[in-house]
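Taking it in order: structure first as structure tokens, then the write-up.
The values are calculated or read from the model by the stated rules, or taken from the named source; none is laboratory data. Note that the structure is predicted; figures quoted are calculated from it, not measured. Methodologically, a virtual Cβ is constructed for each residue, glycine included, from the backbone with ideal geometry; neighbour enumeration extends over all protein chains shown. When the accessible area is computed, the model is the full protein with side chains, heavy atoms only, and any ligands, DNA or RNA have been set aside. Shrake-Rupley method; radii C 1.70, N 1.55, O 1.52, S 1.80 Å.
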Amino acid sequence: MGTVTALRRYPVKSMLGQALTTVWVTQEGLTGDRMFAVLDEAGAVGSAKHPRKWEPLLRCRSGLTGPATARGELPDGTALPAGTAELDTRLSDLLGRRVSVSDSPPEHGTLERAVPEYGGGVPDTLRNGASVDETGDTITSGRVASGTFFDYGKVHLVTTASLRRLRQVYPAGDFDPRRFRPNLVVDLPGGPGFPEDSWPGSMLRIGEALFQVTVPTPRCVVPTLGHDELPADPGIMRAVAREHRVPVLSLGRLSCLGVYLDVLEPGTVQRGDAVTIGAGG
């Protein structure tokens, strides 16, 4: 059906990720993915979904350095081990408040999201209950998935077919897949856009691993922000909102790109692996 053209993990949540040629996938996702996160003293989990508080993390880079160790690389190129006081101090200076890097998800950690102007950015029920915080942004607050630093799904996949469709509706936009922070980019040559709309409930065999597609991936403001050399572009998500709002669970029609996956059978996945689809069990 398709081919894996890119593999990425993000050892520190909301920092730039690490390109891979091969990775071991467990039932908890790609080894080393979202192993650490930046936490502040108010109990918030660092996420660029609230750009005024956390966007500088997208100017940092993270990489796995061992089975349970990672490093954070600051915008000036300084690389320091995650969990060290020096990295915490440098990130606190960057963000303008005291923060620390942790591998222990807080029991009641808050995940904040800025409410975008475009439709379908958050469920209407959450938009109606949003509030203005100390930064002046209108935000909603939720939690990360229990015991993890994931927002929801543990593996995220986007297809080249959907990215091509969005380039057609917004030719000025650079729909580099890195904007959407996927773990897997799958090349689907030809065909209509958004083929993954029909996948929820189906199983995907990718390399040695078997996945089940759960739900479409709702998009926040992060794809509009600058990523490495990719400039900020608010038109990116406006194009997604115009072209692709689909039902997600009981949350209504949301602006989506990509799908979340659960891991049914662990195994090695490599760039270049074939992707095959079958009916769910």
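Numerical summary
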{"read-out": "Most to least packed among 121-133, 251-263, 139-151 [average Cβ atoms within 10 Å]", "value": "251-263, 139-151, 121-133"}
{"read-out": "Dipole magnitude of the stretch 1-146, debye to nearest 20 (Cβ charges: Lys/Arg +1, Asp/Glu -1, about Cα centre)", "value": "340"}
{"read-out": "Two-site label geometry, L230 and Y152: point separation in nm, points 7 Å out along Cα→Cβ", "value": "1.9"}
{"read-out": "Accessible-area composition of the chain, carbon plus sulfur, in percent [1.4 Å probe]", "value": "50"}
{"read-out": "Spacing of the two label points (7 Å from each Cα toward its C-beta) at L249 and T69, in nm", "value": "3.7"}
{"read-out": "Full-extension gain in nm, R167 to E107, via 0.36 nm per residue minus C-alpha separation", "value": "17.5 nm"}
{"read-out": "Per-residue ³J(HN,Hα) for the stretch 203-218, Karplus 6.51 cos²θ - 1.76 cosθ + 1.60, θ = phi - 60°, Hz, x for Gly and Pro", "value": "10, 10, 9, 10, x, 7, 8, 10, 10, 10, 6, 9, 9, x, 9, x"}
{"read-out": "Between the stretch 153-231 and the stretch 64-111, the alpha-carbon center distance in angstrom", "value": "28"}
{"read-out": "Within the chain, helix-based [θ] at 222 nm, where runs of 4 or more DSSP H residues each add -39,500 (n - 2.57), nearest 500", "value": "-3500 deg cm²/dmol"}
{"read-out": "By accessible area with a 1.4 Å probe, ligands and nucleic acids excluded, highest first: order of M237, M35", "value": "M35, M237"}
{"read-out": "Estimated dipole of the chain in Debye, rounded to 20 [Cβ of Lys and Arg +1, of Asp and Glu -1, Cα centre]", "value": "520"}
{"read-out": "Relative contact order (%) - criterion: Cα under 8 Å, at least six apart; region: the stretch 178-261", "value": "30"}
{"read-out": "Paramagnetic label zone (point 7 Å from Cα along Cα-to-C-beta, D262; backbone N under 17 Å) in the stretch 140-167", "value": "145-148, 150-157"}
{"read-out": "The stretch 22-146 - accessible surface per residue (Å², probe 1.4 Å)", "value": "48"}
{"read-out": "Calculated FRET value between T276 and T138, using beta carbons and R₀ = 30 Å, to 0.05", "value": "0.10"}
{"read-out": "Zone residues, the stretch 247-276, relative to T21, backbone N less than 17 Å from point 7 Å out along Cα-to-Cβ", "value": "268-274"}
